[in-house]
Amino acid sequence: MDNVGYGVCIHLRNHEYYYMAACAVWDFTGLDADLSPFIIPSQTYAVFTHVGSVQTLRTTIDFAFDQWLPTSGYQHAIAQENSLHFFERYGEAFDPHTGTGDIEIWLPVKR
């Protein structure tokens, strides 16, 4: 698999969320029992490039939800419970030592 990591935010219910670090796998066969399998749905996403450190990632998330989404003509594509809220993609150029480079926020959307 490629050298890409993910941060997955799952909406549980009301204002409760579950966050997990993730990586891509071909299937769940043979995974350690301590791991939580989750399939990121194939759907339409708005993708936001984050510039700067992971310490300021919240500014990009806030922009996506509070500024872009209300004026975009799109709606947040989310089920009521136990569904993907959004995910972070840490690409090949991400440097975990500096916390910078190649970071995207993927927001599921629908018209």
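The values are calculated or read from the model by the stated rules, or taken from the named source; none is laboratory data. Just so you know, these numbers come straight off a predicted model, no measurement behind them. For the accessible areas, the whole protein counts, side chains as well, though only heavy atoms, and no ligand, DNA or RNA atoms are used. Shrake-Rupley method; radii C 1.70, N 1.55, O 1.52, S 1.80 Å.
When both bridge partners sit in the chain, DSSP labels roughly 100% of those beta bridges antiparallel. Rounded to whole numbers, the Karplus 3J(HN,Hα) couplings from phi for the range 12-18 are 7, 6, 6, 10, 9, 9, 10 Hz, using 6.51 cos²θ - 1.76 cosθ + 1.60 with θ = phi - 60°, and x at Gly and Pro. Compared with the direct C-alpha span, the chain from Thr71 to Val4 gains 21.0 nm at full extension, assuming 0.36 nm per residue. Rounded, prolate or oblate for the chain? Axes are the square roots of the Cα gyration tensor eigenvalues, ordered a ≥ b ≥ c, and the cut-off for rounded is a/c under 1.5. Because a/c hits 1.5 or more and a/b fails to exceed b/c, the chain counts as oblate. In the assembled protein chains, Asp66 presents an accessible area of approximately 100 Å² (probe radius 1.4 Å). Between Ser42, Ser53, Ser83, which gets the highest mean-square fluctuation from a Gaussian network model of the chain, Cα cutoff 10 Å? Greatest mean-square fluctuation among the candidates belongs to Ser42. To put it simply, the accessible area of the chain at a 1.4 Å probe is 52 percent carbon and sulfur. Net length available on complete extension from Thr56 to Arg13 is 12.9 nm, with 0.36 nm assigned per residue and the Cα-Cα distance removed. For the range 86-91, backbone phi angles converted through the Karplus equation (6.51, -1.76, 1.60; θ = phi - 60°) give residue-by-residue couplings of 5, 9, 9, 10, 10, x Hz, Gly and Pro being listed as x.
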